[in-house]
1. Determine, for VAL190, VAL37, the number of other Cβ atoms within 10 Å of each Cβ, and report the residues in order from fewest to most.
2. Can you tell me the order of 90-97, 211-218, 286-293, 124-131 when each peptide is scored by its average per-residue count of other Cβ atoms within 10 angstrom, highest first?
3. Any idea how far the Cα center of the stretch 280-305 sits from the one of the stretch 124-165, in Å?
4. Determine the principal axes of the Cα atoms in the stretch 34-144, then give the extent along each, sorted from largest to smallest and rounded to whole angstroms.
5. Where the only charges are on Cβ atoms (+1 Lys, Arg; -1 Asp, Glu), what is the dipole of the stretch 34-138 about its Cα centre, to the nearest 20 debye?
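All of the numbers you see were taken from the coordinates with simple rules; none came from a lab. Note that the structure is predicted; figures quoted are calculated from it, not measured. Here the Cβ positions follow ideal geometry from the backbone for every residue, glycine too, while neighbour counts run over all protein chains shown.
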Amino acid sequence: MRPGEDWASLPPTIDRDWIPAKDRARPRSSRPWVHLVLFLATVLTTTGCGVGHYLSFSAGFAGHAPSITPSAILAGFWYSGTVLAILGCHEMGHYIACRLYGIDATLPFFLPAPIVLTGTFGAVIRIRDMFPDRRSLFDVGIAGPIAGFVVAVPALFLGLWLSRVEAVPARFAGLELGEPLLFKAAAWLVWGHIADGFSINLHPMGFAAWFGLIMTALNLIPIGQLDGGHIAYAVLGRRSLWVTTASATAGAVIVALYRSVTLGVFFMLAVSMLFIAGLRHPATLDDVVDLGWGRLALTVLAIVMLVLCFTPVPIEELLPH
């Protein structure tokens, strides 16, 4: 290596094993206060959102909203604590995998948002190194969804257990949540068959888990720099471009058929990212590596998680008849 040359700039044919460890992972300067401020801001926005969810849950489908009290504000943490745990574990899964491979990455940036339903845009980490090989790319890509999923599933069952089944008024107006397959299965296991004219009044913790399932599914779509895009490239290499193109086409068809505003917004963001970063996924330093049967089995798991967590219409407005 010549003086001043960065190991990340070396071509993929170079064996990185001989590169000194100090040159493989050089943590760069960080600003911990930025992460802390964003996290506290997200706690504030999600707790405020959680208070609204709790008041709505307490009111039931009849719509008699109670007043805001200190106990109601405290109950806002049912939602905020759950959603922050799911998002935080998702991103920490990526971060820990990066650390294990000596890849320079930041701690999670939580993204607050003045959105009534969620209170957050999610969380992200910034990876500041090239991936050494396709194995590391795969492991970093899949670690986040698995970690978030492991937290979201028990939160979903507990949230449904805390929920109530109530009669829906004849002229009810509000929002109806799209139900992923996993959500439907969990609801059946907790409540069994729900008679016509009744529905689940979802507890704030259940809503946070539902949001976690939706975010898991959207991140696993094999497009661009999403987790699914990383996994697709790690498994298929440059052939993943065909999967990305097919996924983008399928997404456009789903948005057009179901006219889903929420899914459409995310889809447009994903497509915009494709045009900014390019259709082809960036190569790793060593693209010629065998993933092994274990990672191929995890690929099947990722597909199963995508199917279980996906719904074409996440949110639909119900108008009185």
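1. VAL37, VAL190
2. So the order, starting with the most tightly packed, is 211-218, 90-97, 124-131, 286-293.
3. Result: 16 Å between the Cα centres.
4. Taking max minus min along each principal axis of the Cα atoms, the stretch 34-144 gives 57, 27, 19 Å.
5. Dipole of the stretch 34-138, to the nearest 20 debye: 120 debye.
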